[in-house]
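So the structure is just underneath, and the comments pick up after that.
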Amino acid sequence: MTGRAEEAKERKPRADAQRNRESLLKAAKAAFTRRGAEINLDDLAKEAGVGVGTLYRHFPTRDALIEAVYRAGVKELADMAAQLSAARPPIEALREWMKIFVDYIATKHLIAPALNSMVGGPSQLYAESGTQIKTAIESLVARAVASGDIRPDLDPFDLLRALVGVANVAASPDWEASAKRLVDILVAGSRPVE
């Protein structure tokens, strides 16, 4: 690679390009939440306040956009663990993060058909995201165990399995509210036995 090519590759995107990308991701996530993954990309560009050329410069295919929305959601979820840990007591940080995880599951359900139809499939994408999510919940649970709020024998992934299970079993439109109530039940059941 030439020096100029390396420099261009390492250079951060311009501020306006980054804002456009973030605006597109935010608009796409909202559109997926409202209408599922089969959204009109021209309409999405308008909703984001950018031209369709800008959309295709950032996301040359529908698959690229769907994958980017999914990755951004996982990153946001993982970042929330650190933010909540810095701002809340351990048990409250864990409870709040689990409720945010329910929102993440809801968004994932809406775009899952599109993710599953991607060329090459989503298995690597899911593996990467699973690692980020597992790391986030492990840190939250470790902090709650250290504070004495949670039993030390708790497997952090069991909490996620329970929430995912409710999402996969529930056929009713109010499964999210049910899953968020389950968060409180799971936290209460994870307390140390006295």
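For this structure, a couple of remarks:
- Proximal aspartates and glutamates relative to Lys108, as straight alpha-carbon distance under 12 Å, when same-chain residues fewer than 8 apart are discounted: Glu67
- Cα-Cα over 23 Å, subset of Lys46/Lys180; Lys29/Lys75; Lys75/Lys99: Lys46/Lys180
- Relative contact order of segment 64-194, taken over Cα pairs closer than 8 Å and 6 or more residues apart, is 32 percent.
- The GluC sites (Glu not before Pro) found in segment 10-84 that occupy coil by DSSP, while having at most 11 further C-beta atoms within 10 Å, are Glu38.
- Shape class for segment 64-194, computed from the alpha carbon gyration tensor (a ≥ b ≥ c): prolate, with a/c not under 1.5 and a/b above b/c.
Every number here is computed from the coordinates shown, using simple stated rules; none is lab data. The structure presented is a predicted model; accordingly, all values stated were derived computationally and were not measured. Note: ideal-geometry Cβ built from the backbone for every residue, glycine included; neighbour counts use all protein chains shown.
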